[in-house]
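J.: The structure is given below, and queries will be raised subsequently.
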Amino acid sequence: MNDAGRPEDADADRSPHARLQKMKHVAAEQLRSYTIFFLYIWVLLGMFTLHEEIALRTHAGAIQAIPFAPHGFALVNALVLAKVALVVEELRLGARIKAQPLIYPIVIEAFLLGVLFIAMHVLESVASGLMHGQALAASVPAIGGGGFLGLVFAASSFFVAMIPFCGFRHVAAAIGPGRMRTLLLGQPAQGSTERD
C-alpha cells in the first residue's frame, strides 16, 4: 500500500489519461510502421509478379498477361507479411546483435525476414490447399519454379530486396529520424517541428 501524500499518488491521478495518451501514441506508431512495411512489400511483390510476367512473355512466348489474381495475391500477401515484419521488429531479433559496423544487424534482420516470408508463403499455400481438400504434398507451392534451387533463388531475391529497407530503418534509428529526413529531403520548412 502507498502512504497518502506520496508522489505516486499524484501520478496515479493522472495515470489513466497518461496511459490513454501513450496507447494512442503507440497505436499511431504501429500503424505508421505497418503502413510503411505494407507499401514496401506490396511494391516488392508487385514487381516480382511483373518480372514473372515479363519472363513468361520473353521465354515462353506467352501472349496473354498473367491474370489479375497474382496481383491481388501480392496485395493480400503484403498485408500478411507486413504484420510478420512488424512482429519481427517488435521482437527486435536483428537488433540483438549490437555489433559495429551496423551492417550486421541489417543483414541479419533482412535474412530473418526473407526466411519468415518464405515460411509464411508455404504455410499460407498449405493451409489454403488443405481447406480446399488437397493433400499436403499437393498443397506445398513450387517456389521459384520448384525444387531446392527455386527456393534458394526466391529466398535470396527476397533477402537482397529487404537489405535496403532494413538498412534505411537501422541507419535512421542510429542517426535519428529527423536527421535522416533532413539528409534525404533537405531542411524542413520554417515553423515546422522536427522530432528525433
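J.: Which count do you get for residues in the range 125-162 that are assigned to a loop (DSSP other than H, G, I, E, B), on the phi < 0 side of the Ramachandran plot and at pLDDT 75 or above? Full working, then the answer.
T.: Within the range 125-162, the first condition is being assigned to a loop (DSSP other than H, G, I, E, B), and the residues that meet it are 132-135, 140-142, 146.
Applying the additional criterion that residues be on the phi < 0 side of the Ramachandran plot yields 132, 134-135, 140-142.
This time we only want the ones that are at pLDDT 75 or above, so: 132, 134-135.
Residues meeting the conditions: 3.
J.: While we're on this one: Any idea which of His51, His25, His17 is at pLDDT 85 or above and more than 13 Å from the chain's Cα centre (by Cα)?
T.: Of His51, His25, His17, the one residue that is at pLDDT 85 or above and more than 13 Å from the chain's Cα centre (by Cα) is His25.
J.: From the list Val115, Val107, Val84, exactly one residue is in a helix (DSSP H, G or I), at pLDDT 75 or above and over 13 Å from the mean Cα position of the chain (by Cα). Which is it?
T.: Unique residue meeting the criteria: Val107.
The values are calculated or read from the model by the stated rules, or taken from the named source; none is laboratory data. Given the structure is predicted, the values throughout are model-derived calculations rather than measurements.
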